[in-house]
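**Q** Got a structure for you, written out below as structure tokens; questions coming shortly.
The values are calculated or read from the model by the stated rules, or taken from the named source; none is laboratory data. Quick caveat, the model's predicted, so the values are computed rather than measured. FYI the Cβ positions are ideal-geometry reconstructions off the backbone, even for glycines, and counts take in every protein chain you see.
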Amino acid sequence: MKKKKKGVGQRRTAEKAITGVKRKIIIIDDDPGVRDIFEIIFEKEGYCVELKSDGHFLTHESYQLPDLFFIDKQLSGGNGLDLCRYLKSQSKTSQIPVIMISAAPDIASLSKEARADDYLEKPFELAHLLELADYYLSKREEALPSTNC
């Protein structure tokens, strides 16, 4: 019988179980199916996930700061790139990594212009999604303590 190789997400889950630290990710996407998929994936990996259909809460509600944002470029009634620009212009959120999500062919250049830390082009591989989250969360972990949701 072949021995299963641990994936990126499995390794992070084990580390979190030992330290007891749960990293918080906010997903902003207007598609409930996409939000559900992200929630299933990240909760299975041991992350604390908050789902939002738009960015209205950023300016109209108090919320616990996450360790990472995933924002869809095309939101109904709004633009994810504008949300990214807003987050990067605010002192309390400017250092939180933002990853833009889109099927648009120009998402790489648009994300860079909006000051996003990275982008994820749809369709994407699960391994790539987890690698991005792992990279930016571990990078943030070195700089700041977790919000520990």
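**Q** Give the residues of the stretch 36-60 that are surrounded by 16 or more Cβ atoms within 10 Å (Cβ to Cβ) and of a type in the set (F, W, Y), sorted by residue number.
**A** Those that are surrounded by 16 or more Cβ atoms within 10 Å (Cβ to Cβ) and of a type in the set (F, W, Y): F38, F42, Y47.
**Q** Now for a different question. Among the residues that make up the stretch 48-58, is at least one of them in a loop (DSSP other than H, G, I, E, B), within 19 Å of H128 (Cα to Cα) and modelled with pLDDT of 95 or more?
**A** no
**Q** Among D29, D82, which is within 13 Å of the chain's Cα centre (by Cα) and among the charged types (D, E, K, R)?
**A** D29 is the lone residue from the list that is within 13 Å of the chain's Cα centre (by Cα) and among the charged types (D, E, K, R).
**Q** Okay, moving on. In the stretch 41-74, what residues are within 19 Å of Q95 (Cβ to Cβ) and aliphatic (A, V, I, L, M)?
**A** Selection gives L58, L65, L68, I71.
**Q** Quick check on Y63: is it modelled with pLDDT under 95, touching a helix residue (DSSP H, G or I) at 6+ places or on another chain (Cβ under 7 Å) and either surrounded by fewer than 20 Cβ atoms within 10 Å (Cβ to Cβ) or under 14 Å from I25 (Cβ atoms) (or both)?
**A** yes
**Q** Now a separate question. May I ask you to list the residues in the stretch 94-107 that are surrounded by fewer than 16 Cβ atoms within 10 Å (Cβ to Cβ) and polar (S, T, N, Q)?
**A** Selection gives S94, Q95.
**Q** Which one of these does G33 not meet: (1) part of a helix (DSSP H, G or I); (2) at pLDDT 50 or above; (3) surrounded by 15 or more Cβ atoms within 10 Å (Cβ to Cβ); (4) small (G, A, S)?
**A** (3)
**Q** Step by step: first the residues of the stretch 71-100, then only those that are among the hydroxyl-bearing types (S, T, Y) and over 17 Å from E113 (Cβ atoms), then the one that is modelled with the lowest pLDDT. Which residue is that?
**A** Within the stretch 71-100, the match that is modelled with the lowest pLDDT is S76.
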